[in-house]
Amino acid sequence: MRRRTDSSDCCEAPGAIESSTDNPHKVYEKAETFWSRCSQDEMGMLGGTTGLHAPDVSGSINFLNTLKKNNIITKFENALDCGSGIGRVTKHVLMPAYKSVDMVDLVDELVATSAVYIGTDDGIGEKFVEGLQTFEPPVRKYDIIWIQWVSGQLTDQDLTSFLQRCIQGLAPGGTVVIKESVSNGGKTLFHDTDGCWTRPESLILKIAENAGLKVSHKAIQTGFPKGLFSVKMIAFKPVHPVEENDD
Ligand SMILES: C[S@@+](CC[C@H](N)C(=O)[O-])C[C@H]1O[C@@H](n2cnc3c(N)ncnc32)[C@H](O)[C@@H]1O
């Protein structure tokens, strides 16, 4: 998420992390309560921080264009927006590039509001209401799976398993993108308010590697107000590529 590095609602690992990961269900419940009460608009999706939406969208579009230029992404049929909320990323980043975008989010009300926020059903595929900790993406469907500002809502273990299921969900040549805030100095921070972890980039990369993904391209988000955590965009491919003729 887009928090300030000096945010008072976060406490440092290891104590908070150990106690929180002992009770992942409690953390997920807390997240659901938090996000079901947030304002159902762009500001709500961005944690109430101003000045993020426009640079975030252009940073993501530039990142997609770089992936395209480098032939990392070559097909533009189906995309999946994970932790989609009201569909901010779906509408501004994925719909302009992909024929059909599916959405998944934990909070029913946010997914419902997406119809109004996006304003059209054209280009919208399926809408799933489920936590990523259990969600199984349809198999071999997606050219891109975009995971923005939601990977921190999962425990290390659940994020690893989710990424493994994402690999199953990729079409041949497909790509997983994680766009996430990262902490400095190698420490993971737990935010009690919304039950969310800010991990160092090294841990995100380790979790992705353990899941069977390798980095194809990385970039840093620019143009955000000062005082926030850095935000990284990382494109991954499966270590064992999904073949055209796999069953
Ligand atoms: C910071 S918002 C980001 C929304 C969107 N990705 C964006 O950038 O506009 C986090 C979103 O993740 C959703 N979320 C939180 N925990 C989740 C979970 N375990 N599984 C799926 N979605 C979750 C929230 O409901 C919320 O919509």
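When only residues in segment 65-88 that are over 19 Å from Pro172 (Cβ atoms) and part of a helix (DSSP H, G or I) count, which is most open to solvent (accessible area, probe 1.4 Å)? Among those that are over 19 Å from Pro172 (Cβ atoms) and part of a helix (DSSP H, G or I), it is Lys69.
Within the set Thr175, Thr160, Thr113, the sole residue that is among the hydroxyl-bearing types (Ser, Thr, Tyr) and more than 17 Å from the chain's Cα centre (by Cα) turns out to be Thr113. Selection over segment 201-247 of residues that are hydrophobic (A, V, I, L, M, F, W, C) and assigned to a helix (DSSP H, G or I) gives a count of 6. Out of everything in segment 152-170 that is open to solvent by less than 10 Å² (accessible area, probe 1.4 Å) and within 24 Å of Asn78 (Cβ to Cβ), what residue ends up being farthest from the ligand (Cβ to nearest atom)? Selected residue: Leu170. All conditions but one from (1) open to solvent by 10 Å² or more (accessible area, probe 1.4 Å); (2) touching a residue at least 60 places away in the same chain (Cβ under 8 Å); (3) away from the ligand (no atom under 12 Å from the Cβ); (4) within 17 Å of the chain's Cα centre (by Cα) apply to Asn184; the one that does not is (4). For segment 109-120, filtering for residues that are open to solvent by less than 50 Å² (accessible area, probe 1.4 Å), among the β-branched types (Val, Ile, Thr) and over 23 Å from Phe162 (Cα atoms) leaves 2. So in segment 187-200, with the set limited to residues that are in contact (Cβ under 8 Å) with a residue 24 or more places away in the chain and either part of a strand (DSSP E or B) or of a type in the set (Val, Ile, Thr) (or both), which one is most open to solvent (accessible area, probe 1.4 Å)? Per the stated criteria, the residue is Thr193. For Lys91, the criteria (1) in a helix (DSSP H, G or I); (2) surrounded by 14 or more Cβ atoms within 10 Å (Cβ to Cβ); (3) more than 14 Å from the ligand (Cβ to nearest atom); (4) among the charged types (D, E, K, R) hold in every case but one, which is (3).
Could you check segment 110-137 and list, in sequence order, the residues that are in a helix (DSSP H, G or I), β-branched (Val, Ile, Thr) and within 13 Å of the ligand (Cβ to nearest atom)? Reasoning before the result, please.
Step one: of segment 110-137, the residues in a helix (DSSP H, G or I) are 110-118.
Applying the additional criterion that residues be β-branched (Val, Ile, Thr) yields 111, 113, 116, 118.
Val111, Thr113, Ile118, listed by residue number.
Of everything listed in (1) away from the ligand (no atom under 12 Å from the Cβ); (2) open to solvent by 40 Å² or more (accessible area, probe 1.4 Å); (3) over 19 Å from Ala219 (Cα atoms), the single unmet condition for Leu106 is (1).
The values are calculated or read from the model by the stated rules, or taken from the named source; none is laboratory data. Because the structure is a prediction, the values reported are computed rather than measured. All Cβ positions, even for glycine, are placed from backbone atoms using ideal geometry, and neighbour counts span all protein chains on display. Accessible surface areas use protein heavy atoms only, side chains included; no ligands, DNA or RNA. Shrake-Rupley method; radii C 1.70, N 1.55, O 1.52, S 1.80 Å.
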